[in-house]
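Reviewing the structure listed below.
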Ligand SMILES: C[S@@+](CC[C@H](N)C(=O)[O-])C[C@H]1O[C@@H](n2cnc3c(N)ncnc32)[C@H](O)[C@@H]1O
C-alpha cells in the first residue's frame, strides 16, 4: 500500500520519540528509543506496521560522527550549498544548517527518510530541501559540499558511491563521509580527518561500533 506524506509522518511520529543524543546535544531527532514500540520490534512486527528497514529511525554511527565534525568545524559549510546524500533521519543536513550552510538538500531513496527529515528539520527549526530518489551520478553542479553518513554498509551502494564521490571531488566539491569501519569502506581514495568515540551506538549496530571516522575524498 502506497502511503501519502501525511500518513508516513503520522507513522513516524507514532513509532519514534523526539530524542537528544549524548554525542549531538545540539540536535533533537525523532528516533527509536527504549520507550518506543520499535525498540523491541521483530522483523514480523516491522512488516505488520509497514516499517520495513527503518534506517531513518536511527542516527547511524557514520552520520553521528559526520554531524559532530560539521558542528565542530562550521567553517567547512558556512555559506555553502550542502548535499546530505542518503540522509536517513536528515541529521547531517540539519547539522549543516545549524553550522551556517546557505542551504542543505537531503536525498534518500526511502520516502520515510524524506518525511523523517522533514519532521526533524522542523523539530530543529531549520529548513532542509528534500529530494526523493537515487541521484548517484548526478554532477550536482549547484552543490559545494557533499556529506554522506554511513553509506558503505552494502556492496552495491559502496561500489556506486565512491566513483561518483571521486568525480564530485575532482570538479571541486568538498566530499566528506562518516564511517565506523564498515565492511565495504573503500581501501583508498580518501583521507581521515577525525576519529570519534561514540557513546550512543545505534541499537542496530549491536555492541561492535565504538569508533567512527570522518574522511575527505581525495582530489586528483
Ligand atoms: C545506514 S543509513 C544512514 C542514514 C544517515 N545518513 C545516518 O548516518 O544516520 C543509509 C541510508 O541510505 C539510504 N540509501 C540507500 N541507497 C541509497 C541510494 N542509492 N540513494 C540515496 N539513499 C540511499 C537508505 O534509505 C538509508 O536511509
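Among the residues of region 152-178, which ones are buried (at least 17 other Cβ atoms within 10 Å of the Cβ), away from the ligand (no atom under 11 Å from the Cβ) and part of a loop (DSSP other than H, G, I, E, B)?
173
Would you check if residue 44 is in contact with a strand residue (DSSP E or B) (Cβ under 8 Å, 6 or more places away or on another chain) and either part of a helix (DSSP H, G or I) or within 15 Å of the ligand (Cβ to nearest atom) (or both)?
When the stated conditions are applied, residue 44 does not pass them.
Six or more apart or on different chains, Cβ under 8 Å: which pairs go from a residue in region 58-71 that's closer than 15 Å to residue 20 by Cα to one that's in a helix (DSSP H, G or I) and within 7 Å of the ligand (Cβ to nearest atom)? Could you list them?
Once the first residue is closer than 15 Å to residue 20 by Cα and sits in region 58-71, its partners that are in a helix (DSSP H, G or I) and within 7 Å of the ligand (Cβ to nearest atom) give 59/91; 63/91; 63/92; 64/91; 67/91; 67/92.
For residue 61, only one of the following conditions fails: (1) buried (at least 24 other Cβ atoms within 10 Å of the Cβ); (2) modelled with pLDDT of 95 or more. What is its number?
All conditions pass for residue 61, except number (2).
Can you name the residue in region 18-31 that is surrounded by fewer than 16 Cβ atoms within 10 Å (Cβ to Cβ) and touching a residue at least 12 places away in the same chain (Cβ under 8 Å) and, of all such residues, is nearest to residue 88 (Cα to Cα)?
Only one residue fits best here, namely 18.
Within region 162-175, can you find the residues that are within 14 Å of residue 84 (Cβ to Cβ) and without any contact (Cβ under 8 Å) to a residue 40 or more places away in the chain?
Across region 162-175, the qualifying residue is only 173.
Would you check which residues across region 32-43 are surrounded by fewer than 17 Cβ atoms within 10 Å (Cβ to Cβ) and either under 21 Å from the mean Cα position of the chain (by Cα) or farther than 27 Å from residue 183 by Cα (or both) and list them?
Applying the first criterion (surrounded by fewer than 17 Cβ atoms within 10 Å (Cβ to Cβ)) to region 32-43 yields 33-35, 37, 39-40, 42-43.
Scanning region 32-43 gives 33, 34, 35, 37, 39.
Got a sec? Which of 189, 181, 149, 137 is within 12 Å of the ligand (Cβ to nearest atom) and over 15 Å from the mean Cα position of the chain (by Cα)?
Selected residue: 137, the only one of 189, 181, 149, 137 that is within 12 Å of the ligand (Cβ to nearest atom) and over 15 Å from the mean Cα position of the chain (by Cα).
Which members of region 70-111 meet the condition of being within 10 Å of the ligand (Cβ to nearest atom), in a helix (DSSP H, G or I) and crowded, with 23+ Cβ neighbours inside 10 Å? Spell out how you get there, then give the answer.
Step one: filter region 70-111 for residues within 10 Å of the ligand (Cβ to nearest atom), giving 84-93, 106-111.
Filter once more, keeping what is in a helix (DSSP H, G or I): 91-93, 111.
Of everything in region 70-111, those that are within 10 Å of the ligand (Cβ to nearest atom), in a helix (DSSP H, G or I) and crowded, with 23+ Cβ neighbours inside 10 Å turn out to be 91, 92, 93.
The values are calculated or read from the model by the stated rules, or taken from the named source; none is laboratory data. Quick caveat, the model's predicted, so the values are computed rather than measured. Backbone-built Cβ (ideal geometry, glycine too); neighbour counts: all protein chains shown.
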